[in-house]
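Asks: Structure provided below as structure tokens; questions to follow.
The values are calculated or read from the model by the stated rules, or taken from the named source; none is laboratory data. On a predicted model such as this, the values are computed, not experimentally measured, just so you know. In this analysis, Cβ positions are derived from the backbone assuming ideal geometry, glycine residues included, and neighbour counts consider all displayed protein chains.
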Amino acid sequence: MSDTSFNLTNNTKAKLPRLAFADMKNAILGKKYELSLIIVSKKEIQKLNNRYRDINKPTDILSFPLSESFGEIYINPDMTKIEAKKFDRNYENFFAFLLIHGLVHLKGFDHGSTMESIETRFRKKFGI
């Protein structure tokens, strides 16, 4: 049975890590929450970052809560690899770290100690 509440679109040639994307989404947001995870180029994420955050440079991840039960997460693999080195993590681990971060944002949390403790709990659950 396929999970229609999770959709992954890779618009790049990047090889994605083998992660339990849908399981992470379900654990943090619930099975009824509809998530689109879109993998985009550096140029595309820079456009989105500029349009929605007035920051004209590429970033690794952007999260957009579109309603209480639907959201989108955009990840750029190139920036993810760069940021992974800064945090002394490998690509796959940091990709999962970012996804959890984005999912917690979609749950309605902003940066701070509460968000960090929630992220820590889910990173432990998924071995990240």
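Asks: Going through the stretch 15-37 one residue at a time, which ones are small (Gly, Ala, Ser), touching a residue at least 24 places away in the same chain (Cβ under 8 Å) and more than 17 Å from Phe97 (Cβ to Cβ)? Outline the logic, then answer.
Replies: So in the stretch 15-37, the residues small (Gly, Ala, Ser) come out as 20, 22, 27, 30, 36.
Retained after the next criterion (residues that are touching a residue at least 24 places away in the same chain (Cβ under 8 Å)): 20, 27, 36.
The answer is Ser36, and nothing else.
Asks: Can you pull out the residues in the stretch 94-111 that are in a helix (DSSP H, G or I), over 15 Å from Leu16 (Cβ atoms) and more than 8 Å from the chain's Cα centre (by Cα)?
Replies: Val104, His105, Leu106
Asks: What number goes with the only condition from (1) at pLDDT 95 or above; (2) more than 24 Å from Lys57 (Cβ to Cβ) that Asp3 does not pass?
Replies: Here Asp3 clears every test but (1).
Asks: Within the stretch 95-114, can you find the residues that are farther than 16 Å from Leu62 by Cβ and either surrounded by 21 or more Cβ atoms within 10 Å (Cβ to Cβ) or among the hydrophobic types (A, V, I, L, M, F, W, C) (or both)?
Replies: Passing the criteria: only Ala96.
Asks: Determine whether Glu83 is out of contact with any helix residue (DSSP H, G or I) (no Cβ under 6 Å at 6 or more places or on another chain) and either over 18 Å from Ile118 (Cβ atoms) or crowded, with 19+ Cβ neighbours inside 10 Å (or both). Steps first, please.
Replies: On the way: out of contact with any helix residue (DSSP H, G or I) (no Cβ under 6 Å at 6 or more places or on another chain): yes; either over 18 Å from Ile118 (Cβ atoms) or crowded, with 19+ Cβ neighbours inside 10 Å (or both): yes.
Against the criterion (out of contact with any helix residue (DSSP H, G or I) (no Cβ under 6 Å at 6 or more places or on another chain) and either over 18 Å from Ile118 (Cβ atoms) or crowded, with 19+ Cβ neighbours inside 10 Å (or both)), Glu83 qualifies.
Asks: Just need a number here: residues in the stretch 40-65 that are over 15 Å from the mean Cα position of the chain (by Cα) and within 20 Å of Ile28 (Cα to Cα).
Replies: Number of matching residues: 0.
Asks: I'm checking my understanding of the structure. Among residues of the stretch 93-115 that are out of contact with any helix residue (DSSP H, G or I) (no Cβ under 9 Å at 6 or more places or on another chain) and not polar (S, T, N, Q), which one is modelled with the highest pLDDT?
Replies: Residues of the stretch 93-115 out of contact with any helix residue (DSSP H, G or I) (no Cβ under 9 Å at 6 or more places or on another chain): 102, 108, 110, 112-114.
The next check asks that each one be not polar (S, T, N, Q); those that pass are 102, 108, 110, 112.
On the way: Gly102: 97, Gly108: 93, Asp110: 89, Gly112: 93.
The qualifying residue modelled with the highest pLDDT is Gly102.
Asks: Can I ask one more? Pairs, please: C-beta under 6 Å, at least 6 apart or cross-chain, first residue farther than 16 Å from Asn10 by Cβ and in the stretch 38-62, second in a loop (DSSP other than H, G, I, E, B) and hydroxyl-bearing (Ser, Thr, Tyr)?
Replies: Listed pairs, sorted by first residue: Asn49/Thr59.
Results for (1) more than 24 Å from Asn7 (Cα to Cα); (2) of a type in the set (Ser, Thr, Tyr), shown as yes or no for each residue.
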position	(1), (2)
Glu72	no, no
Met79	no, no
Lys86	yes, no
Tyr91	no, yes
Leu98	no, no
His111	yes, no
Phe122	no, no
Ile128	no, no
